[in-house]
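Asker: Let me begin by handing over the structure; questions about it come next.
All of the numbers you see were taken from the coordinates with simple rules; none came from a lab. Because the structure is a prediction, the values reported are computed rather than measured. Positions of Cβ are backbone-derived with ideal geometry, glycine not excepted, and every protein chain shown enters the neighbour counts.
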Amino acid sequence: MKGFIFDIKRYAIHDGPGIRTTVFFKGCNLRCRWCHNPESQPAGETLMWQTLKVGEREHAGQRVVGYSLTVDELVARVTRDRIFYEESGGGVTFSGGEPLLQAEFLAECLARCREQHLHTCIDTAGAVRTNRLDEICRLADLFLYDLKSLNPRKFHAHVGEGLEIVKSNLEHVARVAKEVIIRVPVIPGVNMERGDTREIIDFLAGIPAIRRVQLLPYHRNGADKYTRLGKTYEMGDTPGLKQENVTGIKTWFQEAGYEVL
Amino acid sequence: MKMSHRIQRLREQSLQAENHISAERALLVTEFYKSGVAATKPVPVQRALALQYILARKHVCINDGELIVGERGPAPKATPTYPEICIHSVRDLEILHERPKVSFTSDEETRRAYRDVIIPFWEGRSNRDKIFEHLPEEWKEAYAAGIFTEFLEQRAPGHTALGLKMFRVGLLDLKQEIAEARARLDPLHDPAAVDKLDEWQGMEIVCDAMIAYAARHATALEELAAREQDPRRHQELLEMARVCRKVPARAPETLHEALQHYWFLHLGVVTELNPWDSFNPGRLDQSLYPLYRAGIDAGTLTREETHELLQSFWIKFNNHPSPPKVGVTAEESSTYTDFCLINIGGLTEEGADGVNEMSYILLDVIREMRLLQPSSMIQVSKKNPDRFIRAAVDIIKTGFGQPSVFNTDAVVQEMLRAGKSIGDARRGGCSGCVETGAFGTEAYILTGYFNLPKILEITLNNGLDPRTGKQIGLATGPATGFRAYEQLFEAYRAQVNHFVKIKINGNNIIETLFMRHMPVPFLSVLIEDCIAKGQDYMRGGARYNTSYIQGVGLGSITDMLTAIKYHVFDRRDLSMQALLEALAADFAGHEELQRDLIYHTPKYGNDDEYADAQEVAVFNMYLDAVTGYKSPRGADYRVNMLPTTCHVYFGRVTGATPDGRNARVPLSEGISPVQGRDVNGPTAVIRSAAKIDHVQTGGTLLNQKFTPSLLATEEGCSGVVRLVRSYFRLDGHHIQFNVIDADTLRDAQKHPEQYRDLIVRVAGYSDYFNDLSEDLQNEIILRTEQTITQ
């Protein structure tokens, strides 16, 4: 079986515990305007401009983003850093794109990682209906589950379709998975009002297994990728956020009893 | 802990003092040799009397407010020369005076002394003159071509560290040992009996000379005390005088005494000669801890006093720039640092966790002082706690490159492999940059750097150096004639063996001249078993003897061989002829090939099996080439892999290379990947670097660049601790973290291809600097500057 990915990053230290390797699946069913990996969105190969510099000379050209690989190949790649996982309590994170869009491949990878005694983590937006979810929840050690907005109007306007699936999947994941951390990308003009946080807290109140929330302040690091893909960056000049811009939101979550990472 | 006002003042004095040449030592040693006394004495006695002559007359400098006394020259940053080893010409002094970097000023009076007194006497008599008289033509040609450098043509073979024992005894105890050794001598059956008697006589003279030199400081301190108005300083000066009357004659019993004791021994070693890599107190936390503990327990020492004493001690090192070199040697290693490397942590002699309270205090002092010298490192054994590494990371992240991090368990293995006892191995560590040694029992001499990439250039040109057109290598056949990669590799091996032989032959000559003419009775007193054997440090008196040849450019040579194998022999998408033409043209008109060699070729440092196989092969080949030779003093030749700054000089003499590097560009440093060629992050670098067998070396150097913001979070710091543990589990010898500043980042913007490995902390995640938009780069540069000024 083959999966389609666009990158494997080693020494990932912010995608779950310890030193990790993050596998980025290609293809996403959402179109968040702030996405910092726009090249991950289309499911197939994507062409992206790049410049190779040699001294003062620039060699411009297009690079193909995305490649397929087998489960064996993937497992061989991620086990290279086993010693670092063992020393740090780290492991492998499956991110994207949206990893649940390749659920069968993902489940196979997780099963193989489990055989290899590797800690696994899924980084998902959850807007995918799949009958493998239960299996994936049982095989993975940790879920990083994105909640961007629970307001149907905003979700539709800024994220895409599938809010109800996001919610029902989260309830399912929280029931079956070993550990879940909610990740909230904090985006100016989208979810920085008190009401936005309240909606999330109200929803999470029904899922007592969830105790931890991580805030991801908006940043502009993906902006130039849009140009290189021939796309428009719809966030325009919206300035990036600093940690101090999200302290209010952090406090709201803490007051509701959540540990904020 | 805060610095007291006087420490701040002394630190400022040390930072502001102008590095300058002092003629004092050179004049005294000239006077002594002119007096005619020397000519009548056996060489070790001659050298002992020379040191005695200097120590009895050199200016006693006591800086206002300091607690540890003694300067190498008459004032801080006053730097002596050693004309019996190497003569600085007036032109050298002018260049040193004028050059913008690493300058040493000299006034007219100093230059006159060199012109009128020092140079006329020593010309033709210095060790360097003798060396160049003896060295064969093939050595000189290879040296001039930049195949290797030679440390010992103008500095003495030093490179050793004080052992724990010397903190427990005084020079009077050592004189007693000398007497006992003499009593055991059997002159009827020992053919070396006369040599031994001469050596012991020299040793006794220098012990007395050093005790007298300490007493001169005591007298000066008493005089100062008599004039001192401030009652506190008055008492302090009297206490310092008492200490100087006690050590180094008798064993130190307090922290203050131990630091002053070491400092006198240090001054003795660096005044006797100009040993390469200065001299080193070794395992400082191990030697100081019992005295510190006793002082605290008895209530005679406070923590504040402990910090002040150590800070004062630190400043002494910083007052002593490395004696300036001349010629190629000045070019290859142009720095003020004299490579005293304080070792902290590691194992006790019994093999237990050696981290103690003093280890943490020393880390604090490093952070407080933030000085170029002394350099510092932590030894990390699997038995040491993570907290210790973490404390070091808190200093590393402030971005001044200290302390570096060493693997005790690998270092102990290296020493056991080289035949040392387990106790001696555990008492040892690393000095200089990364060089493994048994502290107090080993003479481990660095002999020079070895330019591995240049030799491939010569191989590709059938023994000819394209820079000069001279045939300096073997005629191993035209490169276009190699039908298989293995033929090329065997030709390269033959050339490496050829130059290793030339290098070792040169070293054997040089070593013999040092054995004959430049014994060091004072250093010999300090290094076991010189006294017992009645044999000088220079003549193999130390318990263990090693000579290192430092391989340079492992990353570069790996990428060069990989590129040839990959394109010319495996894929066959490039002919050898086309490659040679592109190299000869320095890639002018061959830019697409250069791009492909850089961007579309496997590279070392990426955990790439193809490239790393060449790394292992070339390392093993170099190891085989050097291992097995013995020097005249009985040392084993061994390899280590470190460059200091020589990769820059070696790069300057090396033309364009098959890895896409332009002519004259620096080579890779240590065992680090070629600058900017590792693009898979630090775990991939570590896995690549760990593929060679570090345990068979005497040290390797791995440099990792991080931005300060990458270490700004808890995850970032703990990530570094885990990287260290992982690398060391793979037997890695050493790793240092270069936390990059804004200027470098600006340079990275201008030359991104050289910084492809640069990782920056962005916002909640880390990424390669090159992958970021220009705006974001600017933002990070701004942030970096803020991080540094905080």
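Asker: Using the Karplus equation 6.51 cos²θ - 1.76 cosθ + 1.60 (θ = phi - 60°), what ³J(HN,Hα) coupling, rounded to whole Hz, does each residue of region B:698-710 give in order, writing x for Gly and Pro?
Answerer: These are the phi-based 3J(HN,Hα) values: x, x, 9, 10, 10, 10, 10, 9, 9, 8, x, 5, 5 Hz.
Asker: As a check on your grasp of the helix formula, calculate [θ] at 222 nm for chain B: sum -39500 (n - 2.57) over DSSP H runs of n ≥ 4, divide by the residue count, round to the nearest 500. Intermediate values should be presented prior to the final figure.
Answerer: Working: 32 runs with 387 residues, N = 790.
Calculated mean residue ellipticity at 222 nm is -15000 deg cm²/dmol.
Asker: From other protein chains only, count the Cβ atoms within 10 Å of every residue's Cβ in A:81-89, then give the mean. Numbers along the way, then the final one.
Answerer: Values: counts 8, 1, 10, 11, 3, 4, 9, 8, 2.
Other-chain Cβ atoms within 10 Å of each residue's Cβ, averaged: 6.
Asker: Can you give the Rg/Rh ratio of region A:2-260, where Rg is from the C-alpha atoms and Rh is the Kirkwood radius? Let's see the in-between values first.
Answerer: Details: Rg = 18.5 Å, Rh = 19.1 Å.
That ratio equals 0.96.
Asker: OK, next. Give the range of the longest stretch in chain B that excludes all trypsin sites (Lys or Arg not before Pro) found in loop regions by DSSP and having at most 10 other beta-carbon atoms within 10 Å. Display every interim value, and only then the final one.
Answerer: Working: sites that count: B:Lys2, B:Lys101, B:Arg483, B:Arg571, B:Arg572.
Excluding the exposed sites themselves, the longest stretch runs over B:102-482.
Asker: Let me ask another. Projecting each Cα onto the charge dipole of the protein assembly as shown (Lys/Arg +1, Asp/Glu -1 at the beta carbon, about the Cα centre), which of B:Leu667, B:Leu259, B:Gly655 comes out farthest on the positive side?
Answerer: B:Leu259
Asker: Scan region A:99-206 for trypsin sites (Lys or Arg not before Pro) in coil per DSSP, keeping those whose Cβ has at most 13 other Cβ atoms within 10 Å, and list them by number.
Answerer: Those satisfying the criteria are A:Arg129, A:Lys178.
Asker: Let me have the relative contact order for region A:1-45, percent, based on Cα pairs under 8 Å that are six or more residues apart.
Answerer: Taking the mean separation of contacting Cα pairs over the length of region A:1-45, I get 33 percent.
Asker: Provide a whole-number value for the mean count of partner chain Cβ atoms within 10 Å of the Cβ atoms in peptide B:722-730. Working shown, then result.
Answerer: Numbers: counts 12, 6, 1, 5, 9, 3, 1, 4, 1.
Taking the mean over all residues of the peptide, I get 5.
Asker: If amide H atoms are built 1.01 Å from N in the plane of the peptide, which residues on other chains or at least 5 residues away come under 5 Å of the amide H of A:Phe94?
Answerer: So A:Phe94 has HN proximity to A:Val23, A:Cys121, A:Ile122, A:Asp123.
Asker: Towards the positive end of the charge dipole of the protein assembly as shown, with charges on Cβ (+1 Lys, Arg; -1 Asp, Glu), say which of B:Thr683, B:Tyr755, A:Gly97 has the farthest Cα.
Answerer: Going by the charge dipole, the pick is A:Gly97.
Asker: Using amide H atoms built in the peptide plane, which far-off residues or other-chain residues are under 5 Å from B:Tyr444 H to H?
Answerer: Result for B:Tyr444 returns B:Thr546.
Asker: Using 28 Å as the Cα-Cα cut-off, could you pick out the over-long pairs in A:Lys225/B:Lys603; A:Lys231/B:Lys603; B:Lys565/B:Lys630; B:Lys58/B:Lys630; A:Lys9/B:Lys691?
Answerer: On the way: A:Lys225/B:Lys603 26 Å; A:Lys231/B:Lys603 33 Å; B:Lys565/B:Lys630 34 Å; B:Lys58/B:Lys630 39 Å; A:Lys9/B:Lys691 21 Å.
Over 28 Å apart, Cα to Cα: A:Lys231/B:Lys603; B:Lys565/B:Lys630; B:Lys58/B:Lys630.
Asker: Still on this structure, I have one more. According to a simple spin-label model (label point 7 Å from Cα along Cα-to-Cβ), what is the distance in nm between B:Gln471 and B:Glu133?
Answerer: Simple spin-label model gives 3.2 nm for this pair.
Asker: Given an 8 Å cut-off on Cα distances and at least 6 residues of separation, report the relative contact order of chain B as a percent.
Answerer: 13
Asker: Could you work out the Kirkwood radius for region B:429-476, taking every pair of different alpha carbons, averaging 1/r and inverting it, reported in Å?
Answerer: Values: mean 1/r = 0.0751 Å⁻¹.
After inverting the pairwise mean of 1/r, the radius is 13.3 Å.
Asker: Shifting gears a bit: Which whole-Hz couplings ³J(HN,Hα) result when phi for each residue of region B:602-608 is put into the Karplus expression 6.51 cos²θ - 1.76 cosθ + 1.60, θ = phi - 60°, listed in order with x for Gly and Pro?
Answerer: Using θ = phi - 60°, the values come out as x, 10, 5, x, 10, 6, 9 Hz.
Asker: Let me ask something else about it. Tell me, what is the FRET efficiency for A:Asp237 and B:Lys750 to the nearest 0.05, using R0 = 35 angstrom and their Cβ-Cβ distance as r? Present the calculation step by step, with values, prior to reporting the outcome.
Answerer: Working: r = 26 Å, r/R0 = 0.75.
E between A:Asp237 and B:Lys750, to the nearest 0.05, is 0.85.
Asker: Peptide B:593-605: average number of partner chain Cβ atoms within 10 Å per residue? Please list the in-between numbers first.
Answerer: On the way: counts 0, 4, 7, 3, 1, 4, 5, 1, 0, 0, 0, 0, 0.
Mean inter-chain Cβ contacts per residue within 10 Å come to 2.
Asker: Are any of the pairs B:Lys101/B:Lys750; A:Lys53/B:Lys454; B:Lys77/B:Lys101 more than 19 Å apart by Cα-Cα distance, and if so, which?
Answerer: Numbers: B:Lys101/B:Lys750 23 Å; A:Lys53/B:Lys454 25 Å; B:Lys77/B:Lys101 15 Å.
Beyond 19 Å: B:Lys101/B:Lys750; A:Lys53/B:Lys454.
Asker: Turning to a different aspect of this structure: With no solvent and one point on each alpha carbon, what is the Debye value of log10 I(q)/I(0) for chain B at q = 0.07, 0.08, 0.10 Å⁻¹?
Answerer: Per q value, in the given order, log10 I(q)/I(0) is -0.51, -0.67, -1.06.
Asker: Per the helix-only calculation at 222 nm, which mean residue ellipticity applies to chain A, given -39500 (n - 2.57) for every DSSP H run of n ≥ 4 and division by its residues, nearest 500 deg cm²/dmol? Let's see the in-between values first.
Answerer: On the way: 8 runs with 75 residues, N = 261.
Value at 222 nm, helices only, nearest 500: -8000 deg cm²/dmol.
Asker: Using Cα positions and a limit of under 24 Å, work out the lysines in reach of A:Lys167, with same-chain residues fewer than 8 apart set aside.
Answerer: Those lysines meeting the cut-off are A:Lys26, A:Lys148, A:Lys154, A:Lys178, A:Lys250.
Asker: What number do you get for region B:444-701 when its Cα radius of gyration is normalised by 2.2 N^0.38 Å, N = residues?
Answerer: Against the empirical 2.2 N^0.38 Å value, I get 1.09 for region B:444-701.
Asker: Calculate, for B:Asn620 and B:Asp230, the FRET efficiency according to 1/(1 + (r/R0)^6) with r their C-beta to C-beta distance and R0 51 Å; round to the nearest 0.05. Provide the component values of the computation, followed by the final result.
Answerer: Values: r = 65 Å, r/R0 = 1.27.
So, using R0 = 51 Å, E works out to roughly 0.20.
Asker: With each pseudo-label sitting 7 Å past Cα toward Cβ, what's the B:Asp573-B:Glu349 distance in nm, one decimal?
Answerer: Label at B:Asp573, label at B:Glu349, 6.2 nm between them.
Asker: Along the charge dipole of chain B, Cβ charges K/R +1 and D/E -1, which of B:Leu185, B:Ile378, B:Ala532 sits furthest on the positive end?
Answerer: Of the listed residues, the answer is B:Leu185.
Asker: Any lysines with Cα under 18 Å of the B:Lys246 Cα? List them, leaving off those in the same chain fewer than 8 positions away.
Answerer: Within the straight-line cut-off, B:Lys246 pairs with B:Lys165, B:Lys175.
Asker: Say R0 is 56 Å: what FRET efficiency, to the nearest 0.05, do B:Ala193 and B:Ala613 get from their beta-carbon distance? Show your work: numbers first, answer last.
Answerer: On the way: r = 56 Å, r/R0 = 0.99.
E(calc), rounded to 0.05, equals 0.50.
Asker: Take the Cα radius of gyration of the protein assembly as shown and divide it by 2.2 N^0.38 Å, with N its residue count; two decimals is plenty. Mind dumping the intermediate values first?
Answerer: On the way: Rg = 31.9 Å, N = 1051, 2.2 N^0.38 = 30.9 Å.
In units of the globular-protein estimate, the protein assembly as shown measures up at 1.03.
Asker: Follow-up. Dividing the Cα convex hull volume of region A:137-261 by residue count, how many Å³ per residue is that?
Answerer: Working: hull volume 15.5 nm³, N = 125.
Here the figure is 124 Å³ per residue.
Asker: Could you work out the relative contact order of region A:44-122? I mean the mean sequence separation of Cα pairs under 8 Å and 6+ apart, divided by the number of residues, in percent.
Answerer: Values: 69 pairs, mean separation 19.5, N = 79.
Contact order relative to length: 25 percent.
Asker: Can you compute 3J(HN,Hα) from phi for each residue in region B:659-667, using the Karplus curve 6.51 cos²θ - 1.76 cosθ + 1.60 with θ = phi - 60°, rounded to whole Hz and x for Gly and Pro?
Answerer: 7, x, 7, 6, 4, 6, 6, x, 7
Asker: Let me ask something else about it. Could you list B:His256, B:His59, B:His5 so that the one with the fewest beta carbons within 10 Å of its beta carbon is first and the one with the most is last? Could the numbers behind the result be given before it?
Answerer: Working: B:His256 26, B:His59 13, B:His5 9.
The order, fewest Cβ neighbours first, is B:His5, B:His59, B:His256.
Asker: Provide the percentage of antiparallel DSSP beta bridges, counting only those with both residues in the protein assembly as shown; round to the nearest 5. Spell out each step's value before the answer.
Answerer: Details: 31 of 92 bridges.
Around 35 percent antiparallel, to the nearest 5.
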